[in-house]
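The values are calculated or read from the model by the stated rules, or taken from the named source; none is laboratory data. Just so we're clear, the structure is a prediction, and the values are computed from it rather than from any experiment. Here Cβ is always computed from backbone atoms with ideal geometry, including for glycine, and neighbour counts include all displayed protein chains.
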Amino acid sequence: MKIARTIAQLRAVRKAWHKAGQTVGFVPTMGALHKGHLSLVDAAKAKSDKVIVSIFVNPTQFNDPKDLAAYPRTEAADLAMLKPMGVDLVYIPNADEMYADGFATKVSVDGLTDCLCGATRPGHFDGVATVVTKLFLQTGADKAFFGEKDFQQLQIIRRVVADLNIDIKVIGCPTMREEDGLAMSSRNVRLSEEARAIAPSLRNVMGKCIIDVQTGKTIADAVQDAKTRLAEIGFGKVDYLEFRDSKNLELLEQLDCPARLFAAVFLEDVRLIDNVEIK
Ligand code: AMP
């Protein structure tokens with residue numbers, strides 16, 4: 001497994017692969033890897049000849065400096081997880097080359113970024129769209145693999161690729177969960193034992209909320225009941241609990257199109273996000 005820490009090293013390897021006629025799959029991550037990330041690696045391995053995984057805690061997508069400082073960094077453990085998966089190259093860019101002196105360009109997506117996580121994390125999706133565009137251009141990959149866990153991010157990246165005519169195929173992969181239903185996330189390690197025991201209830205409350213709507217409750221009532229239940233269980237502030245159109249992320253008052261229920265809820269100082277497809 002090769003490791004590239006500069007754009008030049010990365011490009012040299014990828015150009016050789018393309019010259020040999022091999023396709024390249026790419027999995028961007030911020031490290032602190034878990035089985036959710038590894039499921040993307042599996043998908044990339046199945047659909048490409050060579051696989052690049054990037055590890056970069058991108059400073060420009062953190063609107064809260066405390067969140068950036070607290071983000072887990074576990075490079076040695078990450079590399080140990082990737083090696084047996086048969087990853088061909090791990091790209092670990094350094095922030096100085098990523099954001100060299102005078103850096104002034106931003107990729108900013110209208111519309112899709114206003115709601116959900118965009119509403120409470122100003123600038124977050126500009127940071128994501130910009131760094132992912134850079135990573136696409138740097139890797140020159142043919143396919144990129146993203147988790148549906150971050151569904152809004154996935155839709156935003158699809159928009160960027162379509163709008164900027166980037167020659168890469170974006171592939172969404174299902175959310176991996178712990179056995180108790182909690183969506184895997186690098187942030188889960190920050191939960192206390194007590195909070196970790198409560199956390200899976202988010203998925204259960206979301207499931208009940210969906211069934212309530214499917215069995216006749218209005219969306220407004222079902223969401224209100226779910227919020228009350230979350231507070232009773234011990235969750236903190238609910239950033240959002242919303243039914244939205246899966247495609248354009250517009251807020252729904254009734255289920256009349258392919259839809260998802262999206263949630264962002266604080267537990268202690270950890271912000272958990274999840275989304276569930278409505279079958
Ligand atoms: P992150 O390291 O949090 O930036 O995530 C890197 C990629 O892994 C993103 O495409 C995420 O959507 C994806 N990912 C994170 N958690 C999960 C999960 N539980 N299941 C599937 N994909 C995930």
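Of the listed requirements (1) in contact with a strand residue (DSSP E or B) (Cβ under 9 Å, 6 or more places away or on another chain); (2) buried (at least 18 other Cβ atoms within 10 Å of the Cβ), D49 misses just one: (2).
Each residue in the range 212-230 was checked for being exposed (fewer than 12 other Cβ atoms within 10 Å of the Cβ), without any contact (Cβ under 8 Å) to a residue 12 or more places away in the chain and outside any loop (DSSP other than H, G, I, E, B), and 1 of them qualify. Filter the range 25-75 down to residues that are charged (D, E, K, R) and under 17 Å from V128 (Cα atoms), then give me how many there are. The number of residues fulfilling the criteria is 2.
For residues in the range 16-42 being more than 22 Å from V57 (Cβ to Cβ) and β-branched (V, I, T), which is farthest from the ligand (Cβ to nearest atom)? Only one residue tops the list, namely T23. Considering only the range 97-120, I want to know if a residue exists there that is modelled with pLDDT under 95, away from the ligand (no atom under 16 Å from the Cβ) and more than 22 Å from H18 (Cβ to Cβ). Yes, the range 97-120 contains a residue that is modelled with pLDDT under 95, away from the ligand (no atom under 16 Å from the Cβ) and more than 22 Å from H18 (Cβ to Cβ). Figure legend. Inter-residue proximity from the range 29-41: first residues under 18 Å from L68 (Cβ atoms), second residues near the ligand (Cβ under 7 Å from one of its atoms) and at pLDDT below 95, beta-carbon distance below 7 Å, spacing 6+ or different chains. Indicated pairs: M30/S186; A32/S186. Somewhere in the range 50-60, is a residue in contact with a helix residue (DSSP H, G or I) (Cβ under 7 Å, 6 or more places away or on another chain), outside any helix (DSSP H, G or I), of a type in the set (D, E, K, R) and farther than 19 Å from R187 by Cβ? Looking for residues that are in contact with a helix residue (DSSP H, G or I) (Cβ under 7 Å, 6 or more places away or on another chain), outside any helix (DSSP H, G or I), of a type in the set (D, E, K, R) and farther than 19 Å from R187 by Cβ, one finds at least one in the range 50-60, hence yes. For F125, the stated conditions hold: it is touching a residue at least 24 places away in the same chain (Cβ under 8 Å), surrounded by 21 or more Cβ atoms within 10 Å (Cβ to Cβ), part of a helix (DSSP H, G or I) and not charged (D, E, K, R).
Contact annotation: residue pairs with Cβ atoms under 9 Å, 6 or more positions apart or on different chains, pairing a residue in the range 149-166 that is part of a helix (DSSP H, G or I) with a partner that is near the ligand (Cβ under 8 Å from one of its atoms) and small (G, A, S), are K149/G36; K149/A183; K149/S185; Q153/G147; L154/G147.
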